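Inspection log for the structure reproduced underneath, given as structure tokens.
Please treat every number below as a calculation from the coordinates, not as lab data. Keep in mind it's a predicted model, so treat the numbers as computed, not measured. Glycine gets a Cβ as well: all are built from the backbone with ideal geometry, and neighbour counts include every protein chain shown.
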Amino acid sequence: MTRAGLATLSLKSRVALAMAVVLLAGGVFVLTAALAYGRQAARETYDRLLLGAANSIAASVSVRDGALVVDMPVSVFDLLALAPDDRIRYRVTGPGGTTVTGSDTTPLPRETGAVVFYDGAFGPEEARYVAITRRFAERSFSGAVQVIVGQTTRARRALAEDIARNAVAVLGAAGAAVALLAWLALRSALLPLPRIGAALRGRDPTDLTPLNLAVPREVAQMLLPLNDFMARLDRQVTGTRNLIGDAAHQLRTPVAAIRAQAQLAADEGAPETRARIVARIHDRAISLSRLLDQMLSQAMITHRTDTEPRALIDLRDIALDVLEDAESAGGVAVELNLPDAPVMVRGDALALVEAGKNMLHNALRHGVAPVRLGVRGDLKAGELFVSDAGPGPGDAVLSHVGQRFVGGGGSLGGSGLGLSIATAVATSHGGTLRLDATARGFEAAICLPGPTP
């Protein structure tokens with residue numbers, strides 16, 4: 001199967017394939033071990049039979065009138081008859097290797113010892129032999145007597161095959177049971193996935209709230225990123241919805257006012273009155289343009305929060321970009337307060353510049369000169385601040401700071417979008433928007449954490 005085919009297999013098929021491979025490899029290993037164990041068990045079993053028969057024959061050897069006499073016991077043949085398909089032979093030799101009784105063709109052992117097992121031939125067949133040495137020390141006879149008993153290996157092979165066959169049968173039954181249990185366990189383990197799919201299918205298209213399902217820890221590793229993705233998507237949808245709603249609600253009145261003023265200017269005959277009306281139209285158009293810029297900036301900030309990577313930037317560069325924009329717009333003089341050392345943070349430069357521009361615009365429009373723009377901080381945190389000499393708004397107004405289209409007096413005023421943008425930028429960067437009344441006036445600052453490794 002190709003790599004692409006494996007990638008499209010279901011989880012159940014993958015587990016089934018893996019189980020089949022494991023069971024096959026395990027079956028080969030167990031079969032090999034069972035055959036080896038069967039051979040060993042069969043050898044030990046029939047070696048005991050041979051040893052028992054040889055001991056019986058050795059016990060029946062005696063010396064009479066200086067000659068060896070073998071009184072072959074019947075129990076020897078009864079014992080060896082436990083392997084009815086095998087042929088047997090024996091041999092008893094005296095000192096010097098002379099045969100006392102039995103077959104002269106029975107092979108002798110190559111090793112010496114009281115009991116020696118060895119393999120040999122029995123005609124065209126393989127055979128197993130045992131040799132026992134018994135020593136006599138009498139007046140009429142002295143020397144070693146060797147008793148050799150052998151038998152073919154048919155019963156041994158049959159016993160080894162039977163043991164291996166039984167082991168394979170048990171293995172097959174156990175493997176089938178394990179495979180069935182694994183299949184049932186896998187089905188049970190995968191039940192949360194259809195539940196997640198059913199929960200998503202049953203939702204309203206506009207419902208992007210997090211899924212709250214009791215799932216195993218492994219499935220939760222997939223559910224958490226899914227909820228995180230839905231939260232980012234919800235912020236994008238909410239930003240688009242707010243932009244559309246704000247545009248429909250906030251632009252209708254100023255556009256209608258400009259149209260009415262334009263109509264008045266068209267119907268007015270007195271040049272002085274018409275000039276005043278045109279001036280009001282111009283002021284309304286500037287305010288409308290500023291409002292549009294802020295609405296689009298807020299939509300852009302909402303979009304960039306989840307899409308733009310955070311880069312290492314110097315807040316002093318942000319302050320210079322904000323000041324350059326204010327000077328190009330023809331604003332009043334602004335005092336710049338920058339430290340000698342860099343103040344590094346990790347963030348989105350465009351979003352921070354936009355937030356600084358909105359704070360500076362509020363101070364220039366609603367504050368009291370002199371207006372100051374500056375940066376302060378260290379390795380742990382950094383601040384981009386704008387201050388003026390005004391008293392700032394009261395507590396009632398400060399409680400609504402950051403809300404869209406909630407204006408205030410003093411250093412704030414306006415639609416409230418400027419500080420709403422600054423609040424959104426500070427929050428998206430893991431910081432806060434700080435508003436304080438100081439001895440020199442009122443200050444708004446975006447407080448950001450230092451760069452993380």
Fill in the blank from the handout: In nm, the gap between the two label points placed 7 Å beyond Cα toward Cβ at residue 376 and residue 25 is 6.5 nm
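Please state, to two decimals, what the Cα-based radius of gyration of the chain comes to when divided by 2.2 N^0.38 Å (N = residues). Don't skip to the answer; put the middle values down first.
Values: Rg = 50.1 Å, N = 453, 2.2 N^0.38 = 22.5 Å.
The chain yields a ratio of 2.23.
Which FRET efficiency value, to the nearest 0.05, is calculated for residue 203 and residue 436 with the Förster distance at 30 angstrom and r the Cβ-Cβ distance? If you can, show how the numbers build up before the last one.
Details: r = 44 Å, r/R0 = 1.47.
Result of the calculation: an efficiency of 0.10.
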Completion exercise
Scoring only Lys, Arg, Asp and Glu (+1, +1, -1, -1) among other residues with Cβ under 11 Å from the Cβ of residue 210 yields -3
Completion exercise
Measuring from the longest principal axis of the C-alpha atoms of the chain, the long axis of helix 417-428 (C-alpha) lies at a number of degrees, nearest 10, equal to 20 degrees
Fill in the blank from the handout: Rounded to the nearest 10 degrees, the helix 192-201 long axis (Cα) sits at an angle to the longest Cα principal axis of the chain of 30 degrees
Exercise for the section: Only bridges with both residues in the chain count here: give the DSSP antiparallel percent, nearest 5. Expected result: 95 percent
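Near residue 118, within a Cβ-to-Cβ distance under 13 Å, what is the net charge of the other residues, with Lys and Arg +1 and Asp and Glu -1? The partial results should precede the final answer.
On the way: positive: 43, 110, 128; negative: 47, 111, 119, 126.
Spelling it out: positives minus negatives among the neighbours equals -1.
Under a Cβ-only charge scheme (Lys and Arg +1, Asp and Glu -1), can you give me the dipole magnitude of the range 19-142 about the Cα centre, in debye to the nearest 20? Please list the in-between numbers first.
Working: 12 positive and 13 negative charges, 55 e Å.
Computed charge dipole of the range 19-142: roughly 260 debye.
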Completion exercise
Within the range 163-195, the residues whose backbone N lies under 11 Å from a label point placed 7 Å from the Cα of residue 10 along the Cα-to-Cβ direction are 187
Exercise for the section: Measure nothing but the geometry: give the 0 to 90° angle between the long axis through the Cα atoms of 217-250 and the longest principal axis through the Cα atoms of the chain, rounded to 10°. Expected result: 20 degrees
Problem - Per-residue [θ]222 nm for the chain (sum of -39500 (n - 2.57) over DSSP H runs n ≥ 4, rounded to 500) - result: -18500 deg cm²/dmol
Exercise for the section: Do me a favour and compute the ellipsoid semi-axes for the range 179-218 from its Cα gyration tensor, root of five times each eigenvalue, largest one first, whole Å. Expected result: 27, 11, 5
Practice task
Please give the net charge around residue 106, taking every other residue with its beta carbon less than 10 angstrom from that of residue 106, where Lys and Arg add +1 and Asp and Glu add -1.
Solution key: +1
Exercise for the section: With a point put 7 Å past each Cα toward its Cβ, work out how far residue 184 is from residue 108 in nm, to one decimal. Expected result: 6.7 nm
Completion exercise
Answer in debye to the nearest 20: the dipole magnitude of the chain about its Cα centre, from +1 Lys/Arg and -1 Asp/Glu charges placed on Cβ, is 1400 debye
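How large is the translational diffusion coefficient of the range 28-160 in µm² per second when you combine the Kirkwood radius over alpha carbon pairs with Stokes-Einstein at 37 °C and 0.692 mPa s? Could the numbers behind the result be given before it?
Values: Rh = 15.7 Å.
Approximately 210 µm²/s, per Stokes-Einstein.
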Exercise for the section: With a ≥ b ≥ c taken as the square roots of the eigenvalues of the C-alpha gyration tensor of the range 196-250, please select rounded if a/c is under 1.5 and otherwise prolate if a/b is larger than b/c or oblate if it is not? Expected result: prolate
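Given contacts defined as C-alpha pairs under 8 Å and at least six residues apart, what's the relative contact order of the chain, whole-number percent? Walk me through the numbers before you get to the answer.
Details: 639 pairs, mean separation 42.4, N = 453.
For the chain, the relative contact order is 9 percent.
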